[in-house]
Amino acid sequence: MNLARQQTALLSLLKSGHFSDGEADPYIDLVAGSEHLVMLRQVILAWRFYDVQLHCPLTAALLKKRGTFEETVKAFAATPNLSAFPDQLAEAFLRRMSIQRDPFVAAVAKFELYMTKVKLGDGGEYTIDWPADPRVILRGLTQQTKLTASKSYRMRISRRYPGLAQVTAA
Amino acid sequence: MAEQKPSRHKSIKSVALGTTYEGRDPELLNHILPLVDYIEVTPDSLAEYRNGHAVIPDDAIRELEDIGSDAAIVLHGVGLSIGTFGGYSEDYLRMVDQLMERLDVTWHSEHLGYVNVDGQHIGTMLALPKTEEMLDMICERVGRIQQRYQVPFLLENIVHMLPDFPGDYTEAGFLNVLASRTGCGLILDVYNLECDAHNNEFCIESFLAELDMSHVREIHLAGGTMRGRFKLDVHSRATQESTVDLARQAAAAAPNLEVITYELLPEYVPKLGYAGIAGELTRLRKALTN
């Protein structure tokens, strides 16, 4: 078997559970039907869960509160070109979450994304529009309280603000 | 109270003890340094991603420089991907370049597997098919790596997480030819052997009988977990007695063995705790190097 094709096929099996290029291949069929592949995909996903929880704790907490954490990370893990470096992986995840329709998820993901950038020395200023008071939302992530939209707030994140952030009612 | 190391590189067979240190945990370093002779550093774990490339920050290198004569340093990477058909990772070797420039590295090593395909990280590490084509490719790459650095290069047997592709060599046969053709040393990971035995009915006894143990310079051991019926190579726990026994058996047969390394992922340091890790190292020194 051609080595390039074999490795490409295994990559596809790990990412999606499927591979087909129109050619029959007993080895790829063996792997595709193996319990090894099922287990290995579960292990890879478990590490993605771990990485996201560790490096994006607020967004992860909100997704768990929404009951969508696992399906969201699973969909993310299936995307191509994910970095092996956890900080890069986290940034890619937060970028994806920051364009979610759910305004709470989008705002919290942007908060984690921009805060990380600024803490690492980024000199820019970033703006986040929140569907409610961000202090209440962020406190509520670890509590049983329901998050509801109220008055809009605007947050600016920059090194020039004490605590790196300034919040104003919009 | 943890037992202090007697002196560097000393034991009944002059076998030293090493362990993993992934940087930025000075308290862990304070706990392990008095107990080991070697520190195993994974370049990938120290790195940060800047402008599209992995770079090891200066503070991380300085911390390793400070180890000085308290322990020898060996590099043990995960990102080289020596078996990727499209070529190994130059990004990884640039990290090794950085460390080699600043540190007195005893040797560097990698896994006999691959983590990248078509420029993508596969999310795990896969074993190589033991074919002539693969052997030729790996030998040529090992030669290039050996020319690049002035210290020995070692390769490690990894777990077989997927069914094996039918090859031209046995596992041990492949390692024997690779090591004799290139002169590279071997790391024998005995916990990986146990995982393969448990998951794939791999025969450790036949493997050890066939392997030319004179190439083995380092032995790795670790403790992991079960997931369903599978034993996982996750480096998350203290070692089991069976793993220590196997390491002892392998060490007795390896005339050029220099160090036995206990590996633990940084993610699991809080679970074992500093005192727990120190206790494990003390236990291993007693069991393996005395």
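Here, each number is a calculation from the coordinates, and none is a lab measurement. Source: prediction; values computed, not measured. Methodologically, a virtual Cβ is constructed for each residue, glycine included, from the backbone with ideal geometry; neighbour enumeration extends over all protein chains shown.
Consider a paramagnetic label point 7 Å from the Cα of A:Ser152 along Cα→Cβ; state which residues of the range A:104-120 have an amide N under 19 Å from it.
Counting backbone N atoms under 19 Å from the label point, the list is A:104-111.
Evaluate peptide B:81-92: per residue, the Cβ atoms of other protein chains within 10 Å of its Cβ; return the mean as an integer.
Partner-chain Cβ atoms within 10 Å, mean over residues of B:81-92: 2.
Going by average Cβ density within 10 Å per residue, which order do the peptides A:4-17, B:197-210 take, highest to lowest?
The packing order, highest mean first, is A:4-17, B:197-210.
Pick out, from A:Tyr114, A:Ala77, A:Ala46, the residue whose Cα sits farthest towards the positive end of the charge dipole of chain A, with +1 on the Cβ of Lys and Arg and -1 on the Cβ of Asp and Glu.
Looking along the dipole axis, the top candidate is A:Tyr114.
Starting with the fewest neighbours, write out A:Trp130, A:Trp47 ranked by other beta-carbon atoms found within 10 Å of each beta-carbon.
Neighbour counts put them in this order, fewest first: A:Trp47, A:Trp130.
Taking the Cα centre of the range B:16-288 as origin, sum charge times position over the Cβ atoms of Lys and Arg (+1) and Asp and Glu (-1), and report the length of that vector in debye to the nearest 20.
Charge dipole, the range B:16-288, about its Cα centre: 360 debye, nearest 20.
Please compute, for peptide B:159-172, the average count of beta-carbon atoms on other protein chains lying within 10 Å of each residue's beta-carbon.
3
Contact order normalised by length for chain A, with contacts defined as Cα pairs under 8 Å and 6 or more residues apart; what percent is it?
Over chain A, the number comes to 15 percent.
Mind checking the mean number of beta-carbon atoms from other chains within 10 Å of the Cβ atoms in A:3-11?
The mean count of partner-chain Cβ atoms within 10 Å per residue comes to 6.
By the scheme Lys and Arg +1, Asp and Glu -1, what is the net charge of all other residues having a beta-carbon under 11 Å from that of B:Leu162?
-1
Quick one: length gained pulling B:Glu101 to B:Tyr149 fully straight, 0.36 nm per residue minus the C-alpha distance?
Gain in length upon complete extension: 16.3 nm.
Angle check, please: helix A:35-55 long axis (alpha carbons) against the longest principal axis of chain A (alpha carbons), in degrees 0 to 90, nearest 10.
The angle comes out at about 20 degrees.
To the nearest 10 degrees, how steep is helix A:103-119 against the longest Cα principal axis of chain A, on a 0 to 90 scale?
The answer is roughly 90 degrees.
List residues of the range B:249-272, by number, whose backbone nitrogen lies under 12 Å from a label position 7 Å along Cα→C-beta of B:Glu27.
B:270-271
If I stretch the segment between A:Arg95 and A:Gln53 completely, what's the gain in nm (0.36 nm per residue apart, minus their alpha carbon distance), one decimal?
Extra length from A:Arg95 to A:Gln53 when fully extended: 13.6 nm.
Taking the simple approach of a point 7 Å from Cα along Cα-to-Cβ for both A:Gln143 and A:Tyr161, what is their distance in nm?
Those two pseudo-labels are separated by 2.2 nm.
Quick one: which of A:Lys74/A:Lys146; A:Lys15/A:Lys146; A:Lys64/A:Lys146; A:Lys64/A:Lys110; A:Lys74/B:Lys130; A:Lys65/B:Lys271 span more than 23 angstrom between C-alpha atoms?
A:Lys74/A:Lys146; A:Lys15/A:Lys146; A:Lys74/B:Lys130; A:Lys65/B:Lys271
Based on alpha-carbon centroids, what's the gap between the range B:88-148 and the range A:24-68 in Å, whole number please?
The range B:88-148 and the range A:24-68 have Cα centres spaced 26 Å from each other.
Could you state the principal axis extents of the C-alpha atoms in chain B, from the largest down, to the nearest angstrom?
Computed over chain B, the largest-to-smallest principal extents equal 51, 46, 37 Å.
Counting Lys and Arg as +1 and Asp and Glu as -1, each charge on the Cβ, what is the dipole of the range B:85-244 about the Cα centre in debye, to the nearest 20?
380
Can you tell me the relative contact order of chain B? Whole percent, Cα pairs under 8 Å, sequence separation 6 or more.
19
Let me check I've understood the local charge: for B:Asp118, count other residues with C-beta under 15 angstrom from its C-beta, Lys and Arg +1, Asp and Glu -1. What total comes out?
For residues surrounding B:Asp118, the net value is +1.
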